[in-house]
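For reference, the structure is listed below as structure tokens.
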Amino acid sequence: MTDGPVVVLASEADAEARTLPARLPGLDLRLLTPADLSRPGWEFRPGRGAGIAVVDGEAISTPPAAVLVRLPWVAEHDLPHIDAGDRSYVASEMTAFLLAWLSALPCPVLNRPSTTCLAGPLWRPERWAILAAAVGLSVVPVQRSAGGDSTSPEPLPPADPVVVTVVGNRCLGPADQTGASRLQRLARLAGAEVLTVSLDEAGPGGARFLAASPWPNLADDTVLDALLDSAGVLASAARAASSG
Amino acid sequence: MILLWGPPTDPPLAAVFAALSRRSAPAALIDAETAACSVLLTVDPVVCGSLGVDGAEIDLAAVDGLYLRPGVPAAGSERAAVHEALWAFSEVTSAIVLNRPAAMAGNGSKPYQAAQARAVGFATPDTLITTSAEAARDFARQHREVIYKSTSGVRSVVATLDLTDDERLADLETCPTQLQERVPGVDVRVHVVGPLLFACEVRSSAVDYRYAVRDGLDVEIRSTELPPEIAARCLTLAALAELPLAGIDLRRTPDGAWYCFEINPSPGFTYYADATGQPVADAIAELLLAS
């Protein structure tokens, strides 16, 4: 792992992300928000290695130690400092820039972006259901209707789904060995280092797949520790503490 | 059944529909912007459902091929819900899809696509994406001519950077902006259709030939053959980008290097095919029918 801060890419409105620096005082952790992309200093030369990022208003050499991605894309509401008529275009430009930048960084990035989401696979339920079935999970059927008179009521989600978070080769939450192995395979095939999976335990055949997303619950210290460990940050912080 | 989705006046859609009709292939051209459409989609995990169009019903399980060139409906409308349901079907059907939405989304970032092009061996122009006027000036001094263009898939006119325009350079602070060395040479558009390639040279005095006619400049398009290694790179690039149909923008420099600029996942191939007579629409029809 390289030296430098751990960067959390998040919306200004992401309250959970904003708590992180205070919760992790031993770590050089800084928030990168879309407003930072409207500050002078960014330099990214694709295919040419190191560059300069502007994080929390300060220019830093890249790559940082690691990046945690909490932002699906830059939205117009992330850009109150941009003229209203330009926000849509600027949001597209910033998202396009971040997709390329995050994909190219030679440091841990959790998650690497997908073409549709900067935080990894943010798929429609139908695509998750197909992949979940392919790795051997039982799946709650997905149904949608639109247009005409054929609109059917959306099935109600279970009141209390079981949530399992996959972080690398770890499974956090109530999953047996077989289930954990399948969930890890699901995350691997989806290209996600971090994946939050919801399961319905109500079925007679045991847990059934309900949904998946690239959004870990950062309020959970166990999940946060696993994330930082996976990014190689905890080991580095421990080294720094022992040498200091 | 082959399903074509988009406005019937769209030249590529109309050309492929005509090619399918010449083959007497069962095909439907659906304009979800104007027709009364309804969609029922179930994944259990087998994909099934139905598409209602002006009172008729299409069994989604019977769709063997999909060619997508829809517009974007107003957010929150009933048509947007139909659009989203068809988009979801396009992601999961086992039919051949030209192209799947997630693969097409890669076109939303030009530097992301450029990394894919480099990965298969193409040269790409030296590029700086910056919010720094000072870095832009340094970059421009390293090259004879520098152009700027959008980083995203939002279409923009490629323009030459003017180092004396302090006001424009100050705008760089608003948003990371993509600057590139201008690469001299001849533009080559390559249409990849499954295993087939159709290449044509585009000669124009315009910086961006797409706007040559508008600017009163000339543009000449003619068929060409690619060297075998460049043809192979194009096929590998389309496969890497998961685009069985692609329009790849190349430039051959005077010293024989091949640069790649963009991979268009929904190419307006008729602009080129009308000038060259290349049977791109027929090839797309055959690809859709191959499944």
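The values are calculated or read from the model by the stated rules, or taken from the named source; none is laboratory data. Please read these numbers as outputs of a predicted model, since none were measured by experiment. FYI the Cβ positions are ideal-geometry reconstructions off the backbone, even for glycines, and counts take in every protein chain you see.
Do you know which residues across the range A:106-132 are of a type in the set (Val, Ile, Thr) and more than 8 Å from every other protein chain (Cβ to nearest Cβ)? The one that is of a type in the set (Val, Ile, Thr) and more than 8 Å from every other protein chain (Cβ to nearest Cβ): A:VAL109. Taking the criterion of being surrounded by 18 or more Cβ atoms within 10 Å (Cβ to Cβ), under 17 Å from A:ALA100 (Cβ atoms) and among the hydrophobic types (A, V, I, L, M, F, W, C), the residues of the range B:119-159 that qualify are B:PHE122, B:LEU128, B:ILE129, B:ALA135, B:PHE139. For the range B:193-212, the criterion of being surrounded by 20 or more Cβ atoms within 10 Å (Cβ to Cβ), under 22 Å from A:PHE97 (Cβ atoms), within 20 Å of the chain's Cα centre (by Cα) and in contact (Cβ under 8 Å) with a residue 60 or more places away in the chain is met by none of the residues. Could we say that A:LEU79 is within 11 Å of chain B (Cβ to nearest Cβ), under 23 Å from A:GLU16 (Cα atoms) and without any contact (Cβ under 8 Å) to a residue 40 or more places away in the chain here? It is false that A:LEU79 is within 11 Å of chain B (Cβ to nearest Cβ), under 23 Å from A:GLU16 (Cα atoms) and without any contact (Cβ under 8 Å) to a residue 40 or more places away in the chain. Name every residue in the range B:77-103 that is buried (at least 19 other Cβ atoms within 10 Å of the Cβ), more than 8 Å from every other protein chain (Cβ to nearest Cβ) and hydrophobic (A, V, I, L, M, F, W, C), in order of residue number. If the condition is that a residue be buried (at least 19 other Cβ atoms within 10 Å of the Cβ), more than 8 Å from every other protein chain (Cβ to nearest Cβ) and hydrophobic (A, V, I, L, M, F, W, C), then B:LEU86, B:ALA95, B:ILE96, B:VAL97, B:LEU98 are the ones that fit.
In the range B:171-191, the residue that is farthest from the other protein chains (Cβ to nearest Cβ) out of those that are outside any loop (DSSP other than H, G, I, E, B) and of a type in the set (A, V, I, L, M, F, W, C) is B:VAL186. Residue check: is B:VAL280 among the hydrophobic types (A, V, I, L, M, F, W, C) and closer than 29 Å to B:VAL97 by Cβ? The answer is yes for B:VAL280.
Of the residues making up the range B:242-261, those that are crowded, with 18+ Cβ neighbours inside 10 Å and more than 15 Å from B:GLU201 (Cα to Cα) are B:LEU243, B:PRO244, B:LEU245, B:ALA246. Of the residues contained in the range B:23-34, none is found to be surrounded by 17 or more Cβ atoms within 10 Å (Cβ to Cβ) and closer than 23 Å to A:PRO141 by Cα. When A:SER103, A:SER38 are checked against the criterion of being within 14 Å of another protein chain (Cβ to nearest Cβ), more than 24 Å from A:THR165 (Cβ to Cβ) and under 23 Å from the mean Cα position of the chain (by Cα), a single residue qualifies: A:SER38. Hey, does the range A:34-42 have a residue that's out of contact with any Gly (no Cβ under 8 Å at 6 or more places or on another chain) and either among the charged types (D, E, K, R) or farther than 21 Å from B:ASP171 by Cα (or both)? Scanning the range A:34-42 turns up no residue that is out of contact with any Gly (no Cβ under 8 Å at 6 or more places or on another chain) and either among the charged types (D, E, K, R) or farther than 21 Å from B:ASP171 by Cα (or both).
When you look at A:ALA15, is it more than 9 Å from chain B (Cβ to nearest Cβ), surrounded by fewer than 17 Cβ atoms within 10 Å (Cβ to Cβ) and without any contact (Cβ under 8 Å) to a residue 12 or more places away in the chain, yes or no? It is true that A:ALA15 is more than 9 Å from chain B (Cβ to nearest Cβ), surrounded by fewer than 17 Cβ atoms within 10 Å (Cβ to Cβ) and without any contact (Cβ under 8 Å) to a residue 12 or more places away in the chain. List pairs: first in the range B:144-169 and among the aromatic types (Phe, Trp, Tyr), second part of a strand (DSSP E or B), Cβ under 9 Å, 6+ apart or cross-chain? As it stands, the answer is B:TYR148/B:ALA159; B:TYR148/B:THR160; B:TYR148/B:THR177; B:TYR148/B:GLN178; B:TYR148/B:LEU179; B:TYR148/B:GLN180, since those pairs meet every condition given.
Residues that are under 23 Å from B:PRO101 (Cβ atoms), of a type outside the set (A, V, I, L, M, F, W, C) and either at pLDDT 95 or above or under 20 Å from the mean Cα position of the chain (by Cα) (or both) occur at least once in the range B:216-239.
If you go through the range A:69-91 and keep only what is within 30 Å of A:SER230 (Cα to Cα) and surrounded by fewer than 20 Cβ atoms within 10 Å (Cβ to Cβ), you end up with A:PRO72, A:ALA75.
The set of residues in the range A:32-58 that are under 16 Å from A:LEU102 (Cβ atoms) and touching a Lys or Arg at 6+ places or on another chain (Cβ under 7 Å) comprises A:GLY47, A:GLY51, A:VAL54, A:VAL55. For the range B:160-185, taking the residues that are of a type in the set (Asp, Glu) and more than 26 Å from A:THR33 (Cβ to Cβ), the one that is surrounded by the most Cβ atoms within 10 Å (Cβ to Cβ) is identified as B:GLU181. All conditions in (1) among the small types (Gly, Ala, Ser); (2) within 13 Å of chain B (Cβ to nearest Cβ); (3) surrounded by fewer than 21 Cβ atoms within 10 Å (Cβ to Cβ) hold for A:ALA22, with the sole exception of (2). Reported count of residues in the range B:111-166, each being facing chain A (nearest Cβ under 7 Å) and part of a helix (DSSP H, G or I), is 6. In this structure, B:GLY194 qualifies as at positive phi and of a type in the set (Gly, Ala, Ser).
Applying the condition of being more than 30 Å from B:THR124 (Cα to Cα) and either acidic (Asp, Glu) or touching a residue at least 40 places away in the same chain (Cβ under 8 Å) (or both) to the range A:25-35 and asking which residue is nearest to the other protein chains (Cβ to nearest Cβ) yields A:ASP28. Checked against the criterion of being touching a Gly at 6+ places or on another chain (Cβ under 7 Å) and surrounded by 21 or more Cβ atoms within 10 Å (Cβ to Cβ), the range B:43-55 contains not a single residue that satisfies it.
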